[in-house]
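Input: a single structure, listed below in structure tokens.
No value in this document is a laboratory result; all are computed from the given coordinates. In this text the structure is predicted, and so the values were computed from the model without any measurement. Cβ sites come from the backbone with ideal geometry, for glycine too, and all protein chains shown count toward neighbours.
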Amino acid sequence: MRQRSRQRLLQAMLELVEERGYEATTLADITQRAGSARGLVSYYFSGKRALLQSAVHRLMNQQLAAALEREPRTEDGQEILARAIDAILGLTQTHTTLMRTHMASILQEEGFIQCPEQQRLAALLRESVVRWGAVEPEEEYRLLRALLMGATVALLLPGAPMPMPRLRAELFQRYGLAWSAGSPPPDTEEYAITPAARGPVR
């Protein structure tokens, strides 16, 4: 029951930020939407910003898990990493307001807020680089996380966004992934770059 209450708060946060924006969303709004008592927010989270980060990390790990598990299932490490990259980049298009708000929150002084949702997301990304073949998975995970964060900021930069296929091409070249792997955007073959021959970082 406690886990369901927590999940309802996270889902309510996502819905309200997408509908109204972060500043216009209050904790009272969130608890009302979730059908929860006001005290549960402070029980589970240190504040609204922590609730936002947990909610977006939950969305990210749900999207990533779905991409990794979709049919046809695969054990191919390059396909797995391609799906992981596409899942995270794709959120900037399907949940633009949430991702922009999330990145702005992370770039504040407190940075990442550790929570179960962030830890599950980290585990999925780490497992993706392991299956890709990284010899030093923890270092490669941190680099992939940094590259994805940088690409997300570039995609969401108001007034001067980078094209998603171009950033995808750079990431795929860095990891030696074929353009056809994962979920390539339609009609974007002109962005394809010949994958690097090096494969996993040794």
Gyration tensor (alpha-carbon) shape descriptor, segment 45-161, a/c threshold 1.5: prolate
For GLY176, the residues 5 or more places away or on another chain with a placed amide H closer than 5 Å to its own amide H are ALA196
Can you tell me the dipole magnitude for the chain around its Cα centre, using point charges on the Cβ only (Lys, Arg +1; Asp, Glu -1), in Debye to the nearest 20? 700 debye
Among PHE172, PHE112, which comes first, then next, by fewest other beta-carbon atoms within 10 Å? PHE112, PHE172
Nearest-ten-degree value, helix 164-174 long axis tilted from longest Cα axis of the chain: 60 degrees
Asserting the computed 222 nm helical MRE of the chain (DSSP H runs at least 4 long, -39500 (n - 2.57) per run, divided by residue count, to nearest 500) equals -21500 deg cm²/dmol
Please label the shape of the chain as rounded, prolate or oblate, based on the square roots a ≥ b ≥ c of the eigenvalues of the alpha-carbon gyration tensor (a/c under 1.5 means rounded; beyond that, a/b larger than b/c means prolate, else oblate). prolate
³J(HN,Hα) across segment 24-40 via Karplus (A = 6.51, B = -1.76, C = 1.60, θ = phi - 60°), whole Hz, x for Gly/Pro? 7, 9, 9, 4, 5, 4, 5, 5, 5, 4, 7, x, 10, 6, 4, x, 5
Euclidean distance of C-alpha centroids, segment 130-149 and segment 48-99, integer Å: 15 Å
Mind running the shape call on segment 105-189? Use the C-alpha gyration tensor, a ≥ b ≥ c as the square roots of the eigenvalues: rounded below 1.5 for a/c, prolate if a/b tops b/c, oblate otherwise. oblate
Answer with one residue from LEU68, LEU16, MET99: the one whose Cα lies farthest towards the positive end of the charge dipole of the chain, charges on Cβ with Lys, Arg +1 and Asp, Glu -1. LEU16
